[in-house]
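Novice: Input: one structure, supplied below.
The values are calculated or read from the model by the stated rules, or taken from the named source; none is laboratory data. Keep in mind that what you see is a predicted model, and the values were worked out from it rather than measured. Ideal geometry is used to build each Cβ from the backbone, glycine not excepted, and the neighbour counts take in all protein chains shown. Remember, those area values only see protein heavy atoms, side chains included, never the ligands or the DNA or RNA. Shrake-Rupley method; radii C 1.70, N 1.55, O 1.52, S 1.80 Å.
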Amino acid sequence: MLLVHSDEPLYIPVTQEPVPKTEDQLEDDAEVMLKLGPGSELCTQMMSASLLSDMESFKAANPAGQLADFIRWYSPRDWIEDEPVDEQDPFGRKGHLSARMLIPGNTWQTVWEGARAVPARRQKRLFDDTREAEKVLHFLESRTIGQIAQLTMATLFHVGVQTLTQQSGPERAVVPQYDETIDRITAACCRLSRESWTNVSERGTTGPTTARVNSQTKYEQQLLTEMMQLECTVTQARSLRRKLYSSESSTTDERKLSQREKLVLELLQARETNLPEGASSPIANRLMLLFGEARRAANEQQGNSNEAQSGANVRITKV
């Protein structure tokens, strides 16, 4: 490309990297711009900080460049080439700016007039990492222990979901609606992690304690109970596998594996099911042994409680 009013080449300048911003910072900026309105001077300054830096870099790289040259490089959609295209000028210099660029006193013209020819390495940094780090440290220093614990809650729940997913193993195939439950828990965790609990505690009229209780209640109601139920179901499925198929766990018969998964799934869903091979199957024998062990354990526990009660009566009599 050549400059519009000169035969000099158009040099692409070295510019500063865009300012990285978190989601909450973008939301805050959008809220400020919405309150100030499109005609506010502060709003224009917020929008034109990066634009000014790029214009100054462009002027430093192209001393003879004009606003039209910058627009051709920076925002090609705002440069409208004339038709028909001049074959003697294959560089697209025959054209004009778009309607919004020709509005008197628009932001682009104002910033271009105030921009100086300064290369990017000599400009003021758009993103001052030292200042941003100091802001983070000041934010943490001004928090209470409860607020800091509140900030870690979202991360802890994300780790909990990941741990539950990793440790589920083959049991996820027999747990009813496992994938749907994990997706629902993950979506709820992401939604709660984006809620600004700290801002709520600062703006609330009843103090930070009430805000922390409310956020904790939301985590417990929407995540903790469902995660506990899913973990309990996975543990039940693992327990059924070990108790019913402990001696045949190494089989590779796909039909038998399918029958096992179906049996465990039906036990988890309906709590009762028909055994594939009836009462004479190895699984039936294991179930009878399990019932017998459970009955003996219940009898022993009942006997121990009776002995403890009689001992208490004896002690009371002595007193």
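Novice: How much length would be gained if the chain were fully extended between residue 297 and residue 26, taking 0.36 nm per residue of separation minus their Cα-Cα distance, in nm to one decimal? The partial results should precede the final answer.
Specialist: Details: separation 271, 0.36 × 271 = 97.56 nm, distance 6.12 nm.
Once the chain is fully extended between residue 297 and residue 26, it gains 91.4 nm.
Novice: In terms of modelled amide H atoms, which long-range or inter-chain residues lie less than 5 Å from the amide H of residue 3?
Specialist: 8, 10
Novice: Something else now. Can you spot the lysines whose alpha carbon is less than 16 Å from residue 262's alpha carbon? Ignore those fewer than 8 places along the same chain.
Specialist: 243
Novice: Heavy atoms only, probe 1.4 Å: what % of the accessible area of segment 99-175 goes to carbon and sulfur, would you let me know? Provide the component values of the computation, followed by the final result.
Specialist: Details: 3180 of 5340 Å².
The computed percentage sits at 60.
Novice: Output wanted: per-residue J couplings in Hz (rounded whole) for segment 134-148, from phi through Karplus 6.51 cos²θ - 1.76 cosθ + 1.60, θ = phi - 60°, x for Gly and Pro.
Specialist: These are the phi-based 3J(HN,Hα) values: 5, 4, 5, 5, 5, 4, 5, 5, 8, 8, 7, 4, x, 5, 5 Hz.
Novice: Which order do peptides 224-235, 15-26 fall in by mean Cβ count within 10 Å, highest first? Could you put the intermediate results ahead of the total?
Specialist: Values: 224-235: 15.3, 15-26: 11.7.
Peptide ranking by packing, descending: 224-235, 15-26.
Novice: Further question on the same structure: Taking 41 Å as R0, compute the FRET efficiency from the Cβ-Cβ separation of residue 259 and residue 186 and round it to 0.05.
Specialist: Values: r = 32 Å, r/R0 = 0.78.
Taking R0 as 41 Å, the efficiency between residue 259 and residue 186 is 0.80.
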